[in-house]
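The structure appears below as structure tokens.
The values are calculated or read from the model by the stated rules, or taken from the named source; none is laboratory data. Only a predicted model underlies this, so the values are computations on that prediction, with no experimental measurement involved. Reconstructed Cβ throughout: ideal geometry from the backbone, glycine too, with neighbour counts over all protein chains shown. These accessible areas exclude ligands, DNA and RNA; they are computed on the full protein's heavy atoms, side chains included. Shrake-Rupley method; radii C 1.70, N 1.55, O 1.52, S 1.80 Å.
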Amino acid sequence: MTSSTIVAVATPAGVGGIAVVRLCGPEAESLALQHLSASTLPPRQAVYCRFDDIDDLVAIRYAAPHSYTGEETVELSCHGSPYVQQAIVQALIGSGARLAEPGEFTLRAFRNGKINLSQSEAIADLIEAATPVQHRLAVSQLRGGYAQRLEGFRRQLIELAALLELELDFSQEDVEFADRGQLLRLVAELKAQVASLLASFAAGNALKRGIGVGIIGRPNAGKSSLLNALLGEERAIVSDTPGTTRDTVESTLSLQGLPFRFIDTAGLRQGADPVEQLGIQRSHRAVEEAQIVLCVHDVQLPWQAPEVDLEGKAVLTIVSKCDLAEGDTLPQGMPLDAEVIRLSAKTGEGLDALRAALVQRVQTLVSGSGEVMLTNVRHYHALRQLEQALLAVERGLQDAMPADLVAVDLRDALYHLGSITGEVASDTILHTIFSRFCIGK
């Protein structure tokens with residue numbers, strides 16, 4: 001438990017019907033009662049009362065350890081006037097409370113054992129979730145299969161460590177608790193599970209950040225018009241002059257609950273001026289980061305293969321400006337077996353087909369990732385280090401190394417797993433994680 005009592009507005013900044021001021025710490029109840037017309041705050045009961053001459057509000061006390069942080073907590077639901085919110089906060093600070101730092105309520109919940117570190121990060125993701133898929137991923141990490149998967153890793157590592165410790169304890173006696181073959185099988189099983197979770201990162205992180213969709217093509221191919229048509233607004237400048245887009249233009253859109261990040265890029269061509277060349281370089285970087293690439297070709301111009309590396313990308317070929325061509329005309333020289341979506345940003349032809357194709361590509365991407373997906377970059381790097389430690393354990397067992405040396409690599413594996421859940425976490429890591437939170441959370 002911590003000794004200080006902290007206070008902050010727990011609801012978003014601005015004007016609203018209701019705002020919540022949260023007070024947490026050993027003196028939460030006594031400080032609140034200094035200002036409330038109520039004489040007592042029974043646990044988990046809503047008490048209608050007056051706070052000084054500032055506002056009439058509802059106060060609820062959560063007695064330790066049955067609160068979000070595990071500490072004494074009082075939440076004051078007042079009117080959403082910015083003045084009222086700040087006046088209440090300043091009054092409580094004047095009585096001895098301290099203004100909470102960003103994420104300090106959740107940090108206290110972590111330190112008091114209410115949640116582990118990966119669940120703390122999931123709370124931040126849940127707050128930021130803008131689509132059903134992002135919400136599902138955050139909730140899964142907060143209370144679902146992800147935490148269970150990590151706990152399964154921990155149990156398996158502890159079992160391995162126990163078997164090795166037994167080998168060490170009875171190394172001078174003619175007793176065999178587990179042969180090296182059994183240990184190797186356990187390591188191989190754990191390695192496969194870690195590898196499966198690591199393989200899900202590409203899809204999981206893309207869903208969390210938004211699936212990157214790069215829009216490429218020659219200047220004036222209709223890329224910006226396509227982006228505007230998808231978004232339903234004039235987000236990118238459209239002009240008949242080639243080279244209008246000289247930088248990447250990024251916008252987000254949700255399709256069937258899936259988050260997409262569309263990136264309109266500078267037209268790819270030779271002989272561009274230095275400024276346009278910078279935009280083209282950024283186009284190449286955008287393609288590298290994207291999971292899906294839309295290759296846009298003007299129906300009126302001869303076919304030209306895109307001059308970018310598309311290996312490993314899901315590619316959709318778009319034939320644009322189809323309202324300017326007759327029938328099912330395709331660009332001259334286009335491969336006959338090319339799978340294309342004919343589209344007109346002006347009339348809307350092909351937009352539904354494009355949306356459906358984008359969703360289908362993402363569903364294919366996600367279907368191979370299993371129910372539990374890795375979304376956090378910090379967790380990804382920790383699991384990669386766990387994987388390397390397991391490889392070292394495996395090599396040690398295969399080479400018949402002494403158990404005490406193998407145990408060193410096994411402890412290393414436990415350390416990297418513990419860095420995800422918080423069993424081992426430096427102050428620097430904690431500050432980096434909890435500084436992402438808003439004040440009041």
#### Entry: Residue count, the range 104-117 (criterion: open to solvent by 10 Å² or more (accessible area, probe 1.4 Å) and of a type outside the set (D, E, K, R))
6
### Query
Any residue at all in the range 96-103 that is within 30 Å of Gln134 (Cα to Cα), within 28 Å of the chain's Cα centre (by Cα) and open to solvent by less than 50 Å² (accessible area, probe 1.4 Å)?
yes
### Message
Take the residues in the range 361-379 that are open to solvent by less than 50 Å² (accessible area, probe 1.4 Å) and in a helix (DSSP H, G or I); name whichever of them is modelled with the lowest pLDDT.
### Response
Val366
#### Entry: Every residue from the range 400-417 that is touching a residue at least 60 places away in the same chain (Cβ under 8 Å) and open to solvent by less than 40 Å² (accessible area, probe 1.4 Å)
Ala403, Val406, Ala407, Leu410, Ala413, Leu417
### All positions within the range 118-134 that are acidic (Asp, Glu), open to solvent by 10 Å² or more (accessible area, probe 1.4 Å) and closer than 20 Å to Thr421 by Cα
Asp125
### Task
Tell me which of these Ala162 doesn't satisfy, since it passes every other one: (1) farther than 30 Å from Leu190 by Cβ; (2) open to solvent by 30 Å² or more (accessible area, probe 1.4 Å); (3) of a type in the set (A, V, I, L, M, F, W, C).
(1)
### Message
For the range 380-390, which positions are open to solvent by 50 Å² or more (accessible area, probe 1.4 Å) and more than 21 Å from Leu137 (Cα to Cα)?
### Response
Gln385, Gln388
### Message
Tally up the residues in the range 283-309 that are part of a loop (DSSP other than H, G, I, E, B) and either touching a helix residue (DSSP H, G or I) at 6+ places or on another chain (Cβ under 7 Å) or at pLDDT 90 or above (or both), please.
### Response
4
### Task
Have a look at Ala91, Ala109 and point out the one that is in contact (Cβ under 8 Å) with a residue 40 or more places away in the chain and closer than 30 Å to Arg154 by Cβ.
Ala109
### Query
Given the conditions (1) at pLDDT 80 or above; (2) under 29 Å from Val366 (Cα atoms), and given that Leu324 satisfies all but one, which numbered condition is not satisfied?
(2)
#### Entry: Ala147 in a helix (DSSP H, G or I) and either among the aliphatic types (A, V, I, L, M) or open to solvent by less than 50 Å² (accessible area, probe 1.4 Å) (or both)
yes
### Message
Between a residue in the range 124-141 that is at negative phi and any residue that is of a type in the set (Gly, Ala, Ser) and assigned to a helix (DSSP H, G or I), which pairs come within a Cβ distance under 7 Å, given they are 6 or more apart or on different chains?
### Response
Asp125/Ala138; Leu126/Ala138; Ala129/Ala138; Leu137/Gly204; Ala138/Ala122; Gln141/Ser118; Gln141/Ala122
## Note on the structure
Given (1) in contact with a strand residue (DSSP E or B) (Cβ under 6 Å, 6 or more places away or on another chain); (2) without any contact (Cβ under 8 Å) to a residue 24 or more places away in the chain, Val362 misses just (2)
### Query
How many residues are of a type outside the set (A, V, I, L, M, F, W, C), more than 21 Å from Arg108 (Cα to Cα) and either open to solvent by 60 Å² or more (accessible area, probe 1.4 Å) or free of Cβ contacts under 8 Å to residues at least 40 places away in the same chain (or both) if we restrict to the range 29-54?
10
### Single residue of the range 50-84 satisfying the filter (small (Gly, Ala, Ser) and not in a loop (DSSP other than H, G, I, E, B)) that is nearest to Ile123 (Cα to Cα)
Ser77
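Here's the yes/no breakdown for (1) under 23 Å from Ala13 (Cβ atoms); (2) among the aliphatic types (A, V, I, L, M):
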site	(1), (2)
Gln85	yes, no
Ala91	yes, yes
Ala97	yes, yes
Gly103	yes, no
Leu107	yes, yes
Ser120	yes, no
Leu126	yes, yes
Pro132	no, no
Leu137	no, yes
## Note on the structure
The number of residues in the range 1-48 that are among the small types (Gly, Ala, Ser) and closer than 23 Å to Lys114 by Cα is 6
### Task
Output yes when any residue across the range 27-49 is part of a loop (DSSP other than H, G, I, E, B) and within 24 Å of Phe437 (Cβ to Cβ), and no when none is.
yes
### Summary
Given the conditions (1) closer than 23 Å to Cys438 by Cβ; (2) outside any loop (DSSP other than H, G, I, E, B), every one holds for Ser4 apart from (2)
### Summary
The condition of being modelled with pLDDT of 95 or more and over 30 Å from Arg111 (Cα atoms) holds, among Leu57, Leu92, only for Leu57
### Message
Suppose we keep only residues that are polar (S, T, N, Q) and not in a helix (DSSP H, G or I) within the range 96-120. Which one would you say is modelled with the lowest pLDDT?
### Response
Asn116
### Task
Please go through the range 206-222 and pick out each residue that is free of Cβ contacts under 8 Å to residues at least 60 places away in the same chain and open to solvent by 10 Å² or more (accessible area, probe 1.4 Å).
Arg209, Pro219
### Task
Considering (1) open to solvent by less than 50 Å² (accessible area, probe 1.4 Å); (2) within 23 Å of Ala129 (Cα to Cα); (3) in a loop (DSSP other than H, G, I, E, B), say which one Leu358 fails and leave the rest.
(3)
